[in-house]
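> Sharing a structure with you now.
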Amino acid sequence: MTSADQAEAACVTRPNEGQKVVLVVTGGIAAYKACTIVRRLRDHGLQVRVAMTAAATRFVGPVTFAALSGHEVITSMFEARAAEEIPHVRWAEWADLVCVAPATADFLAKMAHGVADDFASTLYLANAAPTLVAPAMEDDMYRHPAVQRNLATLAGDGVATIGPASGALASGRTGPGRMSEPEEVVGAAVRILKHGVVGHDLAGQRVLITAGPTYEALDPVRGFTNRSSGRMGYSLAREARLRGADVTLVSGPVALPAPAGVEVVAVKSAAEMATAVDAAVPASDVAILCAAVCDFTPHDPAERKIKKGHSDRLEVQMVRTRDILAGLAASSPRPFVVGFAAETEDVRAHATEKLSRKGCDMIVGNLVGGDTDAMGSTDNAVIVFDRNGGETAFARAPKDDIATQIWGAIGRFRAQLET
Ligand SMILES: Cc1cc2nc3c(=O)[nH]c(=O)nc-3n(C[C@H](O)[C@H](O)[C@H](O)COP(=O)(O)O)c2cc1C
């Protein structure tokens, strides 16, 4: 590989190379996870500086963050420095993104009310770059109306939020308030550096997404499925959550972690997926059916493992599964319906035909099979068609980026329908 090739490869794999992040670490148990966040941000080629509140230094030492970030850590407003330096202003000017992780209830309150009584909070006020917060606290604190008010104020100020997730908390309780995993926080940071803060345009809306393959049992140990990884649907669910939606993700069997703040309903067969969709539809404003549902299922699955015996062929009678997309699009009242068309050739012709045959509002066409196979891949290239004849193509990119673009296209078309 020539050095030019290497540089180009680095640009493709680390498109944010050289951008600058100030990570503000505040005083919660999850401060130890901020060490991994620094590592992962640097893996993306980003420069990182860490500011800590006084409380944060009680949980993890500044020396650890200095070593991981390769830069001095600032923990106090009045450390001895050259008079002209004014570090909170310099750091604010330097940052392309300020990321607060973990964000305590206390620090969120300061941000929401413009309190600037230490280095980290003053830096936040002095900063004009996008800001991302990853709240982390006990479930009762997170549910408290004061915390919810502060988060709403920050959303109104254009601050992006990732999580919190629901799960095991430091106290041993279980509930919402657990900081999103470092990979999720870094994913959100990278996305903001690429696309800016996407507003809460789905706040107050309920979104239903299906993802992954289905598994149709032939006998207790064998079955029919397909190569869908579920990544596209999971990226769409994560993006919808980041835009403020309440998201239900009906997922076939996949090996992916649940996106933070998303309700996941795990199903196996096409019939189970149809039932889960039926249950979620009445409350949904938008439904995106992204799952690769098996069209056929064994008519009479065996209750015991099928033995090969002396036969050299096995005939399986398959029957059609229910067409979830067509059924949903034909129902009334119904949510705004977006389908997916996975095609091995001529995406435009097949996708537009499916759009009108099934009666959806929009359809996302993508190529499967061949050199640029979307199925199972981390990347995708799509064309989004709407029922008024509009279309937009999005070039091959990671599925998280494609999800951002698909939600952008959905938002534009829904706005067009309202005017
Ligand atoms: C052991 C321990 C764990 C704590 N964990 C959290 C937490 O996860 N989230 C939170 O909001 N506050 C937590 N607190 C309380 C904060 O440390 C406290 O509100 C502090 O004033 C926050 O300061 P800061 O926002 O300047 O970092 C914890 C306190 C202790 C002693």
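> Counting residues that are within 27 Å of Gly196 (Cα to Cα) and not acidic (Asp, Glu), which strands (runs of 3 or more DSSP E) fully inside segment 68-181 reach at least 3?
The qualifying strands (runs of 3 or more DSSP E) are 97-103, 131-135, 174-178.
> Return the residues of segment 122-159 that are over 22 Å from Ala56 (Cβ atoms) and out of contact with any strand residue (DSSP E or B) (no Cβ under 9 Å at 6 or more places or on another chain); say none if nothing qualifies.
Residues satisfying the conditions are Ala128, Pro145, Gln148, Arg149, Ala152, Thr153, Gly156.
> Anything in segment 89-116 that is away from the ligand (no atom under 12 Å from the Cβ) and within 31 Å of the chain's Cα centre (by Cα)? List them, or say none.
Listed by number, the residues that qualify are Trp91, Ala92, Glu93, Trp94, Ala95, Asp96, Leu97, Val98, Cys99, Ala112, His113, Gly114.
> Here's something else I'd like to know. Among the residues of segment 117-134, write down those that are within 11 Å of the ligand (Cβ to nearest atom), farther than 29 Å from Glu17 by Cβ and crowded, with 19+ Cβ neighbours inside 10 Å.
Within segment 117-134, Asp118, Ser121 qualify.
> Return the residues of segment 135-144 that are surrounded by fewer than 24 Cβ atoms within 10 Å (Cβ to Cβ), closer than 25 Å to Gly187 by Cα and near the ligand (Cβ under 8 Å from one of its atoms); say none if nothing qualifies.
Glu138 - this is the single residue of segment 135-144 that is surrounded by fewer than 24 Cβ atoms within 10 Å (Cβ to Cβ), closer than 25 Å to Gly187 by Cα and near the ligand (Cβ under 8 Å from one of its atoms).
> Considering only residues that are part of a helix (DSSP H, G or I) and either among the basic types (Lys, Arg) or more than 25 Å from Met232 (Cα to Cα) (or both), which ones fall in segment 334-349? Can you show your working first?
First, pick out the residues of segment 334-349 that are part of a helix (DSSP H, G or I): 347-349.
Correct list: Arg348 only.
> Inside segment 265-333, counting only strands (runs of 3 or more DSSP E) that do not spill past its ends, which hold 1 or more residues that are touching a strand residue (DSSP E or B) at 6+ places or on another chain (Cβ under 6 Å) and within 18 Å of Glu216 (Cα to Cα)? Quick ask: steps written out before the conclusion?
Working: elements: 286-289, 296-298, 318-320.
Of the strands (runs of 3 or more DSSP E) lying wholly inside segment 265-333, those with at least 1 residues that are touching a strand residue (DSSP E or B) at 6+ places or on another chain (Cβ under 6 Å) and within 18 Å of Glu216 (Cα to Cα) span 296-298, 318-320.
> Can you pull out every residue in segment 375-410 that is of a type in the set (Gly, Ala, Ser) and either under 22 Å from Leu256 (Cα atoms) or surrounded by 16 or more Cβ atoms within 10 Å (Cβ to Cβ) (or both)?
Across segment 375-410, the qualifying residues are Gly376, Ser377, Ala381, Ala397, Ala403, Gly408, Ala409.
> Mind checking which pairs have a first residue in segment 223-235 that is touching a residue at least 40 places away in the same chain (Cβ under 8 Å) and a second that is hydroxyl-bearing (Ser, Thr, Tyr) and in a helix (DSSP H, G or I), Cβ under 9 Å, 6 or more apart or different chains?
Pairs found: Ser235/Thr404.
> Scan segment 39-54 for residues that are buried (at least 21 other Cβ atoms within 10 Å of the Cβ) and assigned to a helix (DSSP H, G or I) and jot them down.
Passing the criteria: only Leu41.
> When residues of segment 218-259 are filtered for being aliphatic (A, V, I, L, M) and over 19 Å from Ala276 (Cβ atoms), how many remain?
So the answer is 4.
> Tell me which residues, restricted to segment 38-60, are of a type outside the set (D, E, K, R) and away from the ligand (no atom under 15 Å from the Cβ).
Correct list: Val38, Leu41, His44, Gly45, Leu46, Gln47, Val48.
> Within segment 251-263, is even one residue within 15 Å of the chain's Cα centre (by Cα), crowded, with 24+ Cβ neighbours inside 10 Å, in a loop (DSSP other than H, G, I, E, B) and without any contact (Cβ under 8 Å) to a residue 60 or more places away in the chain?
Within segment 251-263, not a single residue is within 15 Å of the chain's Cα centre (by Cα), crowded, with 24+ Cβ neighbours inside 10 Å, in a loop (DSSP other than H, G, I, E, B) and without any contact (Cβ under 8 Å) to a residue 60 or more places away in the chain.
> Would you please list the contacts, defined by Cβ atoms under 6 Å and residues six or more apart or on different chains, that run from a residue in segment 89-118 that is closer than 20 Å to Val38 by Cβ to a residue that is of a type in the set (Asp, Glu) and assigned to a loop (DSSP other than H, G, I, E, B)?
Partner pairs satisfying both residue conditions: none exist.
> Something else now. Would you please list the contacts, defined by Cβ atoms under 6 Å and residues six or more apart or on different chains, that run from a residue in segment 300-328 that is modelled with pLDDT of 95 or more to a residue that is among the small types (Gly, Ala, Ser)?
Between residues of segment 300-328 that are modelled with pLDDT of 95 or more and residues that are among the small types (Gly, Ala, Ser), the close pairs are Pro301/Ala217; Thr321/Ala270; Arg322/Ala274; Ile324/Ala274; Leu325/Gly339.
The values are calculated or read from the model by the stated rules, or taken from the named source; none is laboratory data. None of the values given here were measured: they were computed from a predicted structure. Note that we place each Cβ from the backbone using ideal geometry, even for glycine, and neighbour counts take in every protein chain shown.
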